[in-house]
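Peer 1: Can you keep this structure in mind? I'll have questions shortly.
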Amino acid sequence: MEQWSKDLIAVDQAVTLDGLFLHRVRRSPEREAYRWFDRANGAWRSLSWAEIAAQAARWRQALAGEGLKPGDRVALLLRNCPEWVMFDQAALSLGLVTVPLYTDDRAENAAYILRDCAARVLLVQDAYRWKRLAEVMTDGRWPARVVLLDTSKDARALAAKEPAVVVASDWLPSEGAIWHQRAAGPNELASIVYTSGTTGKPKGVMLTHGNILSNVQGALTLLDVYQEDVFLSFLPLSHMLERTASYYLPMMAGSTLAYARSVTQLAEDLKNVRPTVIIAVPRVFERVYQRLHEQIRQRPAPTRWLFDLARHFGWVAFEHAQGRRRWHPLLLLWPVLRRLVADKVLERLGGRIRAAVSGGAPLPPEVARLFLGLGLPLIQGYGLTETSPVVSVNPLEDNRPETVGIPLGGVQVRISELDELLVSGPGVMRGYWNNQAATAQVLGKDGWFRTGDQARLVGRHIQITGRLKDILVLSNGEKVPPADMEMAIALDPLFEQAMVLGEGKPFLSALLVLNADLWPSLARDFQLDPQDPASLNDQGLIKAMLARVRKALADFPGYAKIRRVTLALEPWSIDNGLLTPTMKVKRHQVVEQHRNLIERMYALDG
């Protein structure tokens, strides 16, 4: 770290996102830009900034040959890879507007987005994904050009059959000319990013070059990033958090970005890449938390005692380092405990992480406390697609894990009379594509954006207290925020997902999706047949699961009392339409699908 250096590109130099790319290529042409695993050769490969620019020039020339004009929309249905950057930068340099799609989203949603934005060109990962899309685009309103990245027999067969379809390797020229920075302003539209709303059709968030660049610059005022940093990318680039924080931000700083192979191979990739910065959603940290607890639970008592001791004194050491706790002689034990316990855990994450950022959803306090207690520099942030996306983040030196941090430079926040968090600043979107009514609902004429989140200010830190629309109002008028309760329940490894219910009812109940891997052994413990769906209705099992839920909620106020539970095995997923591509539960759809079971829970009390 002593020799690490900064090489930030100023926003007024970059002007646009493609301008940012060109400046980075000129400044550090030979430095490593991107790293990825080549499955064909079974080895990691990398590209320098000069090499990625040469490849992007080929994509630019191919796009230029499609008769597109500035402002036209081009879409990507692609996993994280260097080609994502090549296509994006090529499109932006021509004044085109990129529209990212989730590779795991339902075909119907992707088809709706392509029609709504009138995409002219679509880059698709493989033939399988295009076939799924084509099946639901029965009205024939395809993009004028569909480019398949893979070179399989299926891909070539589709290209031979459909005039609009081409294989990328055939479509791209052998080389392209490196371009010069164009005359464009920061207010030019750069991207339309569709929010995966939990109700209704997705809305296209219009983000300008200036929106995104200002957000990157603001983030760098709260988190120092160096040329020597290595980011590990595993959230989808169609998620605005990943795109801003793990694509454009490393570009502004000149850092290296490595693409993880998959979430299932993440543990191995962490050891191989040894990143210094990771951006993740809470679910990633929750899963590691659960695995750690399962492993520790199976170890001998002395090991469990040592782990608890390290976690406790590590938290005390963290609080002392933050200036919130006085020094205590027992802190002399922490270096020993760190070496014996904490360092071994952090080594599984590569051993070099100096900043782990959690965003996209609330981070459970127990999870934050564990990782911070083990010495992981974990900071929580907050944002929305409509704000490009980061609103706030905790600085490493002023890290309050019960909050989502302090506003970025240039971002203003205030709390409305309904306790709603309002945001103003250069990152706030232009509006929703083709949807002025929805824009007017959230964006005032004064430029303040309504987040829909309830919050309060703790000094300069923001604390999110709930969602305006997710508050449950019981029949006695009591108001219950279910999100924190659901997080606490889901920390139990037996429960894959949880939803607390009670709107207009006399008491709270919960839908619980059991962990499918743990279900067979759990069923046998209760002498039940795991293959028989009726086993989920066994009263002894339900009583035991209710007891586990109440234990998970033991530290909550009196309102958090669950009186009935219903068990299920089929998880809520993107495929069955109960999860958004950003892994948010569609509460209304879940309730509708399980309406009979819910009514039965409340009828039992009658």
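Peer 1: Can you list the chymotrypsin sites (Phe, Trp or Tyr not before Pro) in region 390-482 that are in a DSSP coil and have 15 or fewer other beta carbons within 10 angstrom?
Peer 2: Counting only loop positions with at most 15 other Cβ atoms within 10 Å, none of the chymotrypsin sites (Phe, Trp or Tyr not before Pro) in region 390-482 qualifies.
Peer 1: Can I ask one more? Which cross-chain or sequence-distant (5 or more) residues have an amide H under 5 Å from the amide H of Leu76, H modelled 1.01 Å from N in plane?
Peer 2: Val99, Leu101, Leu123
Peer 1: Another question about this same structure. Just name one of Val25, Pro282, His180: the one whose Cα is farthest towards the positive end of the charge dipole of the chain (beta-carbon charges, Lys/Arg +1, Asp/Glu -1).
Peer 2: Pro282
Peer 1: Then there's this: Treat every Asp and Glu Cβ in region 472-605 as -1 and every Lys and Arg Cβ as +1, leave all other atoms uncharged, and give the resulting dipole magnitude about the Cα centre to the nearest 20 debye.
Peer 2: 440 debye
Peer 1: Could you check the simple spin-label distance between Leu569 and Thr264, using points 7 Å along Cα→Cβ, in nm with one decimal?
Peer 2: Calculated label separation equals 2.0 nm.
Peer 1: With 10 angstrom as the radius, rank Trp315, Trp44 by how many other C-beta atoms surround their C-beta, starting from the fewest.
Peer 2: So the ranking, lowest neighbour count to highest, is Trp44, Trp315.
Peer 1: Follow-up. Kindly put Phe318, Phe371 in sequence by how many other C-beta atoms sit within 10 Å of each C-beta, fewest to most.
Peer 2: Fewest-to-most Cβ neighbours within 10 Å comes out as Phe318, Phe371.
Peer 1: While we're looking at this one, here's another question. Which of the peptides 531-537, 68-74 is most tightly packed, and how do the rest follow, judged by the mean count of other Cβ atoms within 10 Å per residue?
Peer 2: 68-74, 531-537
Peer 1: At 7 Å along the Cα-to-beta-carbon direction for both Asp517 and Asp224, put a label point, then send me their distance in nm to one decimal.
Peer 2: Going by the 7 Å Cα→Cβ label model, 3.9 nm.
Peer 1: Now for a separate question. Show me the trypsin sites (Lys or Arg not before Pro) within region 433-539 that DSSP assigns to loop and that have at most 15 other Cβ atoms within 10 Å of their Cβ.
Peer 2: Loop-located and lightly packed - Lys445, Arg460, Lys469.
Peer 1: Semi-axes of the equivalent ellipsoid for the chain, please: Cα gyration tensor eigenvalues, times 5, square-rooted, ordered largest first, whole Å.
Peer 2: Its equivalent ellipsoid spans semi-axes of 40, 30, 25 Å.
Peer 1: Using each residue's phi in region 175-180, evaluate 6.51 cos²θ - 1.76 cosθ + 1.60 at θ = phi - 60° and report the 3J(HN,Hα) Karplus result to the nearest Hz, with x for Gly and Pro.
Peer 2: 7, x, 7, 5, 8, 9
Peer 1: Nearest 5 is fine: what % of DSSP beta bridges in region 11-180 come out antiparallel, could you say?
Peer 2: Just about 30 percent of them are antiparallel.
Peer 1: Give a quick list of trypsin sites (Lys or Arg not before Pro) in region 26-68 that DSSP marks as loop, anything other than H, G, I, E or B, with at most 11 other Cβ atoms within 10 Å.
Peer 2: Passing both the DSSP loop test and the Cβ count: Arg39.
Peer 1: Follow-up. Just to confirm my numbers, what's the Cα centroid distance between region 558-603 and region 117-184 in Å?
Peer 2: 38 Å
Peer 1: Also: Cα-based Rg (one decimal) and Dmax (whole number) for region 11-180, in Å?
Peer 2: Looking at region 11-180, its Cα Rg and Dmax stand at 16.2, 48 Å.
Peer 1: Would you mind calculating the relative contact order of region 11-180 from Cα pairs under 8 angstrom and at least 6 residues apart, reporting the percent as a whole number?
Peer 2: The normalised contact order for region 11-180 reaches 21 percent.
Peer 1: Please report, ordered by residue number, every helix of the chain (full DSSP H runs) that is 18 Å or longer along its axis going by C-alpha atoms and whose mean Kyte-Doolittle hydropathy reaches -1.0.
Peer 2: 49-64, 209-222, 301-321, 539-552
Peer 1: Placing one identical point scatterer on every Cα of region 472-605 and ignoring solvent, what is log10 I(q)/I(0) from the Debye formula at q = 0.10, 0.12, 0.16 Å⁻¹?
Peer 2: Here the Debye-derived log intensity ratios amount to -0.31, -0.45, -0.83.
Peer 1: Mind listing the long-range amide H neighbours of Leu94? Cut-off is under 5 Å, sequence gap 5 or more, other chains count too, H placed in the peptide plane at 1.01 Å from N.
Peer 2: none
Peer 1: Report, in whole Å, the centroid distance computed from the Cα atoms of region 393-435 and region 257-274.
Peer 2: Spelled out, the Cα-based centre of one part sits 31 Å from the other.
Peer 1: Evaluate the distance, in nm, between pseudo-label points positioned 7 Å from the Cα of Arg524 and of Leu396 along their respective Cα→Cβ axes.
Peer 2: 4.7 nm
Peer 1: Counting other beta carbons within 10 Å of each residue's own, what order do Val391, Val413 fall into, fewest first?
Peer 2: With the fewest neighbours first, Val391, Val413 line up as Val413, Val391.
Peer 1: Which values of log₁₀ I(q)/I(0), to two decimal places, follow from the Debye formula for region 448-505 at q = 0.12, 0.14, 0.17, 0.28 Å⁻¹ with a uniform point scatterer at every Cα?
Peer 2: -0.39, -0.52, -0.71, -1.08
Peer 1: I want the antiparallel fraction of DSSP beta bridges within the chain, as a percent rounded to 5.
Peer 2: 55 percent
Peer 1: Once fully extended, how much extra length lies between Ala43 and Ala10, figured as 0.36 nm per residue of separation less the alpha-carbon to alpha-carbon distance?
Peer 2: Extra length from Ala43 to Ala10 when fully extended: 8.4 nm.
Peer 1: Let me ask something additional. Pairs of Cα atoms under 8 Å, at least six residues apart: use those to get the relative contact order of region 402-530, whole percent.
Peer 2: Once divided by the residue count of region 402-530, the mean separation gives 16 percent.
Peer 1: Still on this structure, I have one more. With charges set only on the Cβ (+1 for Lys and Arg, -1 for Asp and Glu), what does the dipole of region 11-180 come to about its Cα centre, in debye to the nearest 20?
Peer 2: 80 debye
Peer 1: Let me know the charge dipole size of the chain about its Cα centre in debye, to the nearest 20, where only the beta-carbon of Lys, Arg (+1) and Asp, Glu (-1) is charged.
Peer 2: 540 debye
Peer 1: Using only the alpha carbons of region 169-304, determine the length spanned along each of the three principal axes and report them from longest to shortest in whole angstroms.
Peer 2: In descending order, the Cα extents are 67, 41, 41 Å.
Peer 1: I've got another one for you. Picking from Ala90, Val391, Leu257, whose Cα lies most toward the positive end of the charge dipole for the chain (charges on Cβ: Lys, Arg +1; Asp, Glu -1)?
Peer 2: The residue sitting farthest along the positive end of the dipole is Val391.
Peer 1: Would you work out the relative contact order for the chain, in percent, from Cα pairs under 8 angstrom that are 6 or more residues apart?
Peer 2: Result for the chain is 11 percent.
Peer 1: Rounded to the nearest 500, what is the 222 nm mean residue ellipticity of the chain from helices alone, with -39500 (n - 2.57) per DSSP H run of 4+ residues and division by all residues?
Peer 2: Helices in the chain give a 222 nm mean residue ellipticity of -10500 deg cm²/dmol.
Peer 1: Next question, about the same structure. In terms of Cα to Cα distance under 27 Å, which lysines are near enough to Lys131, apart from those fewer than 8 places away along the same chain?
Peer 2: Lys153, Lys161, Lys201, Lys203, Lys584, Lys586
Bear in mind that the values in this text are calculations on the coordinates, not laboratory data. No experiment lies behind these values; they were computed from the predicted model shown. As a convention, Cβ positions derive from the backbone with ideal geometry for all residues, glycine included, and neighbour counts pool all protein chains shown.
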